[in-house]
Each structure stands twice: as C-alpha cells, then as structure tokens.
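The values are calculated or read from the model by the stated rules, or taken from the named source; none is laboratory data. The structure displayed is predicted, hence computed values, not measured ones. Cβ placement follows ideal geometry from the backbone for every residue including glycine, while neighbour counts extend to all protein chains displayed. With ligands, DNA and RNA removed, areas are computed over all heavy atoms of the protein, side chains included. Shrake-Rupley method; radii C 1.70, N 1.55, O 1.52, S 1.80 Å.
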Amino acid sequence: MTLILSLKRQAAALRALGAALALAALAPVAGAQTAPSPLASFTRTINAAISGYNREHLTAVTPEACAAACLNDSRKSWCVSFDFYKNAQQCDLSDKRAADVGGLKTDYAGNPYDHYSLIPGPGVPNPIVGPNGRKHVLVVGIDGLRGDALFCAGCVATPALSALAGSGAFHGNVLAGGSQATLSGPGWGTLFTGFWADQHGVTSNDIALPLKKPHLFDRIKTAYPTATVAVVGDWANITGNLKPAGADFVVANAAKNSQQATNAVKGWLSWTNPPTAIFYYLHNVDIHAASYDPFNAYYQSKIAGEDAQIQQVLDALAARPTYAAEEWLIVVVSDHGGTGSGHGGQSAGERDATLILTNSYRNPTKPAYCQGDLTGTTLPQTGALTPHVLDFLGLPNDTAGTKHPACGQH
Ligand SMILES: [Zn+2]
C-alpha cells in the first residue's frame, strides 16, 4: 500500500510534466522540436482491459486524447490508466492499475479494447546498490527450451543468446523433473522458489494451486521493501498463481504475441529507475512445438524467433544512459525440455532444461559472475535460478537448491 501511494505521488509529478508537454504540443512553433505525444507516458497492452473500475467515460476520442485527458486535467489527478475502445473511439479512465486489481482481462470477445497504463514517473529507485552499481535482475523464461537445442552443430543461429552465453556462462542440461512431472507449472514453480513441487505445491498446471514457498521476487521485496518487481507473460499461470504476491507491474500479453511482451519489457527499461527485477516470459518455443527434437527445423525456427525478441530487449537494456554504472544479472531459464511432441515424463530430453547467466553483457568491466560451459557439473532445477539470484544480491539462501560452484562474485 505504501508503494502504491508512492507510485501515485510520482504519477502526479509526471502528470505535471505531461501537462507541460501537452501544452507545448498544442502550440507548435516553426522550427521547434516536436513534443512527445502524451501516449509516450503510457505503456500499451493490446487486446486487454481492466474489468470494471471505470471512473470516467469519454466519447469521440482518440488514444492521444484519452492520454492527454488522463494526464492533464487537474480534476483527474487520480487517473493512472485507461482502456480504449478501438471500434467505438471511446475510453474509460481509471484510478487503478492492472496490478491493483489482479491483472488485465484479455479474453473479451472480438478484442475491442487496448489498455494503457501510465508509466509511474521515473520509476522507483532500486535500493540494491553494490560495488559495481545498482543491482538488477532480468530473468528471461523460455518455455520448453531444451538445453541441447542451443549452440549445437546444426542448431539455428541465436545471436542474442550466444552473446549472453559468450559474456557469461551456459548450462545445457539443467535437470528438470525427477520427483515431479516435467510440466510447466511444477517447473516454473521450482525455478521461482528453489524447491521441488512437493514443497512449493504447484504439482500441475492447475491455476488454482497457490505457491506455498516464497517467490524469488517476493524474497527480494522482503529484504528491500522499496524494490519493485515486474512480470510479463501470455500464460495465465505466469501472471496468476505463479506470479510474485507483491508484484508491482504485471502485464498479461496476448497469446503467442511475444512482441507485446517485448514491448512491455522495453517500456520498463526506458524508465530512469526500472524495476529491480523483471520476469520476461516467452512462450512460442513451447506452444507451437510439433516436435521438441533439438534438430527439428520448426522448433529451431521458434527458438530463432524468440532470440530476435530477446535481442530487442538487450538493445534497449544496453541503450540505457546509466547502463555502464549498473550491474544487471541476466538469467535465461526454461521450465522443461521435451521429447517427440510432448513433455511431462522423465526421459532425458524432457528433463533437459537451459540456463544462461551473465552480469557483463556489453558491460565488460563487471567482474564475471559466471563464465564458460558449466554443463559438466550436474545442476538440478532447484539450483538454476533462485540460488544464483539470491547470491548475486547478497541474500541468504535457505531453499532446497544450491548455486553452481563455479558461479559467484568473490
Ligand atoms: Zn512449459
């Protein structure tokens, strides 16, 4: 609640700035620079809306006019988001963000709405400051990516993932499953908590199963209450039962639309103070898979497609004006592998998940957190994500997982 109030204060400050910008836009001067659109203060989620919580309805408007109305009119100092009716040229202004009301609704018949959320000013300063700058975490989750489907002879080129692994470390056979099914819910639950499903409770893909162990991002917020954390994904469980209880920013992008997820992350990375930790979920390697054979051309084409999305995010990250003075641990993980056209069982291919870790992507002055090919040392899935992030942030690890012995800043 404190955080929400703090964000709203920041929104008020931004609103004043937005008003000035909009006034400038109304008074064009020859030779003057074009003022940014009021929409630049918003992140858009296509085909989504907040269900209810409408405070004011505007008609015969454009998205720009709705954005200006949300920003400018002092009577609407409460406005932090709006839903635009694409066919009717109307909008509903709201005093709620998606994270305040349990997320966005994305299954309206005919997809008549786009959701616009006011960027909370410059964001909230990340409180985790280490010797190499403010410490952030970007977790890239690629559903269903087999560890042996990357960087192999005959694998498709993946320049983004190759650059991440090249600046850090790669493990091509993180062991998913074992005591649990190699399904998405148990796998992500294990990555997010550092425990197996018999402890974290998400034993299947049933969205009604709550996480019984703390989410990694909630551990960060417990240790640093002003840290902010963000999640974007197109699988309802990722933005539902598997999301951090205290998530500050949650975007449910449209199914299979990785570009929307990418745009959400790029928006967060454009803030002066981006979230302390971001989870960026990419679904298409898994959801389209007719085959999880690492040499299957279609599977490889989907890996290449997500790699191109990741490249956009990495370019946005490296373009941050303060990037050299920050330290970002970038972690790429997958929840399970597969065999044939499915997964869930305990074959070697189904258990084979991926890990990439780097803190020095296009930032070579950072002392490497991990380097090289780690595949020779067995790494259970409990150890892949949570123990490394806790270690990187200097937080105690009381999970069931252990970081790789070659990783750590000493
Ligand atoms: Zn999965």
Checked Val156, Val140 against criteria (under 25 Å from Val229 (Cβ atoms) and either away from the ligand (no atom under 16 Å from the Cβ) or open to solvent by less than 50 Å² (accessible area, probe 1.4 Å) (or both)); the one match is Val140
Inside the stretch 66-84, the number of residues satisfying the requirement of being free of Cβ contacts under 8 Å to residues at least 12 places away in the same chain and either in a helix (DSSP H, G or I) or buried (at least 16 other Cβ atoms within 10 Å of the Cβ) (or both) is 2
Taking the stretch 85-97 and keeping residues surrounded by fewer than 24 Cβ atoms within 10 Å (Cβ to Cβ) and either in a strand (DSSP E or B) or of a type in the set (Ser, Thr, Tyr) (or both) leaves Tyr85, Gln90, Asp92, Leu93
Scanning the stretch 320-350 for residues that are open to solvent by 60 Å² or more (accessible area, probe 1.4 Å) and not in a loop (DSSP other than H, G, I, E, B), the one nearest to the ligand (Cβ to nearest atom) turns out to be Thr339
*Somewhere in the stretch 124-143, is a residue at pLDDT 95 or above and over 29 Å from Ala324 (Cβ atoms)?*
yes
Original post:
Within the stretch 269-285, can one find any residue that is at negative phi, open to solvent by less than 20 Å² (accessible area, probe 1.4 Å) and at pLDDT below 90?
Top reply: yes
Within the stretch 351-388, restricting to residues that are small (Gly, Ala, Ser) and farther than 17 Å from Gly141 by Cα, the one that is least open to solvent (accessible area, probe 1.4 Å) is Ser360
Item to complete: Determine whether Asp206 is open to solvent by 10 Å² or more (accessible area, probe 1.4 Å), in the same structural domain as Thr339 (by TED's automatic domain parsing) and within 15 Å of the ligand (Cβ to nearest atom).
Response: yes
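Where residues in the stretch 168-203 are in a loop (DSSP other than H, G, I, E, B) and away from the ligand (no atom under 15 Å from the Cβ), which of them is nearest to Gly338 (Cα to Cα)?
Gly178
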